[in-house]
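The values are calculated or read from the model by the stated rules, or taken from the named source; none is laboratory data. Since we're looking at a predicted model, the values are computed, not measured. Note: ideal-geometry Cβ built from the backbone for every residue, glycine included; neighbour counts use all protein chains shown.
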């Protein structure tokens, strides 16, 4: 899967949680979930559950802890998909 | 400090009306909110009728945004939000994310349980070793203080924000606790109220206790029969009521409309001694609670114009009337008017007291007594104590000055509130 497609899919996943819609429009690799998109930190676990469902993967606790921005999310998803 | 406390806002989500205009119309016309419940029938409940507020998704979206409604499954919190946010708006107080913390406003909003349906969902996942898939929504929807926490955020309440719980006395207790907080100068405004979840997991315990009627499954509107000779148990209900209590000083300063004055009241327990138990009231305590409430309000028993009873339609209604009669030293034609809202909405459990208090305040404000339905056949033990004309069965327009409202709950707990027309 190319980066653009992956970012587009992540954008759809975080859409309901993002309080900053302008930052959502400009989502890119460097976007931070909490600082840029203003996602409530409690909702990060919901984002992760939605990612698991979308890509049919399981994200371990260590990976969850660092899944705070688009870049790390992409790395984790790609690694989990490759390991399948 | 001993500040006067008034009611400046009302909200309600009741089985026979959501919102004050619909509810007022329903109680004046004696409209029942009791309906057949297919879910209870499928689960083979003895009682297959119930009272539930009707809240379509379009209405829910006026109180919760789409993200908040994702995986939302706590109808008690929903009813409480509707009642509480409506009451705040009715009092013309500001709400929303842009409002800064209001250090002078808080809430004591009671509940008997929280998000039982949500808790059930969570329990199934946990037992299925899916705890990691619970997400973020379980705690705020199942913690006992959930309703006050949600309201606090919506309304920028920055004084005390808490939830009280005393079974079916919860609503009356919340008003008296909020009253005290304002009276002693700790807050200017308190949102008082209470809510109850709906559904089989709340009502099942009562069905199991055999305290609900099973004789009216084919005629729901006639099922809840307080004070009737053919009363055969209560009809389970649900919903929420809310009252904005405010110091008279603050209300006058804001130019707020005033519905009524809270003169005070009393709360006690029979300690489950004598004829009291976990499930039955100690009459000595009930009478004492009523007398102490009247004393605290600084009025006399002869001045009470009307009673809004607890009266659930179990075998205990006549005993309640007897307790009122002894406590007030009044009987026959000298007894105050009395009515029981449960005839239209069933027993809304932890939500009952506050919904009924909203009705009592509306009666004082507009000068009417809502009709008692389903008691054409008054119980002879009741008519032996009070004259039937004191139990209006038609809407009665009447200027009322003082209403006494009492609620009694499991655990042998009692609360009595004295309300006065504001002049």
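So here's what we get for this one:
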{"read-out": "Any hit, segment B:32-51, residues being assigned to a loop (DSSP other than H, G, I, E, B), within 14 Å of chain A (Cβ to nearest Cβ) and more than 22 Å from the chain's Cα centre (by Cα)", "value": "no"}
{"read-out": "Check on residue B:218, surrounded by fewer than 17 Cβ atoms within 10 Å (Cβ to Cβ), in contact with a helix residue (DSSP H, G or I) (Cβ under 7 Å, 6 or more places away or on another chain) and outside any helix (DSSP H, G or I)", "value": "no"}
{"read-out": "Segment B:45-56, residues that are in contact (Cβ under 8 Å) with a residue 12 or more places away in the chain and either out of contact with any strand residue (DSSP E or B) (no Cβ under 9 Å at 6 or more places or on another chain) or not assigned by TED's automatic domain parsing to the domain that holds residue B:136 (or both)", "value": "none"}
{"read-out": "Some residue of segment A:12-24 being over 24 Å from residue B:97 (Cβ atoms) and assigned to a helix (DSSP H, G or I)", "value": "yes"}
{"read-out": "Residue in segment A:37-84 that is farthest from the other protein chains (Cβ to nearest Cβ), counting only those that are part of a loop (DSSP other than H, G, I, E, B) and over 28 Å from residue B:97 (Cβ atoms)", "value": "A:84"}
{"read-out": "Test: residue A:27 is at pLDDT 95 or above and either more than 14 Å from chain B (Cβ to nearest Cβ) or farther than 25 Å from residue B:65 by Cβ (or both)", "value": "yes"}
{"read-out": "Residue check for residue A:79: under 23 Å from residue B:137 (Cα atoms) and more than 13 Å from the chain's Cα centre (by Cα)", "value": "no"}
{"read-out": "Members of segment B:11-32 that are without any contact (Cβ under 8 Å) to a residue 60 or more places away in the chain and in contact with a helix residue (DSSP H, G or I) (Cβ under 6 Å, 6 or more places away or on another chain)", "value": "B:17"}
{"read-out": "Residues (within 14 Å of chain A (Cβ to nearest Cβ) and part of a loop (DSSP other than H, G, I, E, B)) located in segment B:141-194", "value": "B:143"}
{"read-out": "Any chance residue B:318 is crowded, with 17+ Cβ neighbours inside 10 Å, out of contact with any strand residue (DSSP E or B) (no Cβ under 8 Å at 6 or more places or on another chain) and closer than 17 Å to residue B:385 by Cβ", "value": "yes"}
{"read-out": "Residues of segment A:1-22 classified as away from chain B (no Cβ under 14 Å) and either crowded, with 19+ Cβ neighbours inside 10 Å or touching a helix residue (DSSP H, G or I) at 6+ places or on another chain (Cβ under 9 Å) (or both), total", "value": "8"}
{"read-out": "Filter result for residue B:231 (buried (at least 24 other Cβ atoms within 10 Å of the Cβ), more than 14 Å from every other protein chain (Cβ to nearest Cβ), at pLDDT 95 or above and not in a loop (DSSP other than H, G, I, E, B))", "value": "no"}
{"read-out": "Residues within segment B:91-140 that are in contact with a helix residue (DSSP H, G or I) (Cβ under 7 Å, 6 or more places away or on another chain), within 14 Å of chain A (Cβ to nearest Cβ) and not in a helix (DSSP H, G or I), tallied", "value": "3"}
{"read-out": "Total residues in segment B:61-88, condition farther than 28 Å from residue B:6 by Cβ, surrounded by fewer than 16 Cβ atoms within 10 Å (Cβ to Cβ) and within 23 Å of the chain's Cα centre (by Cα)", "value": "0"}
{"read-out": "Meets criteria (modelled with pLDDT of 95 or more and over 22 Å from residue B:134 (Cβ atoms)) for residue A:3", "value": "no"}
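A quick yes/no check of all residues on (1) touching a residue at least 12 places away in the same chain (Cβ under 8 Å); (2) in contact with a strand residue (DSSP E or B) (Cβ under 8 Å, 6 or more places away or on another chain); (3) surrounded by fewer than 19 Cβ atoms within 10 Å (Cβ to Cβ); (4) over 28 Å from residue B:257 (Cα atoms):
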residue: B:300; (1), (2), (3), (4): no, no, yes, no
residue: B:305; (1), (2), (3), (4): yes, yes, yes, no
residue: B:309; (1), (2), (3), (4): yes, yes, no, no
residue: B:323; (1), (2), (3), (4): yes, no, no, yes
residue: B:331; (1), (2), (3), (4): yes, yes, yes, yes
residue: B:354; (1), (2), (3), (4): yes, yes, no, no
residue: B:367; (1), (2), (3), (4): yes, yes, yes, no
residue: B:371; (1), (2), (3), (4): yes, yes, no, no
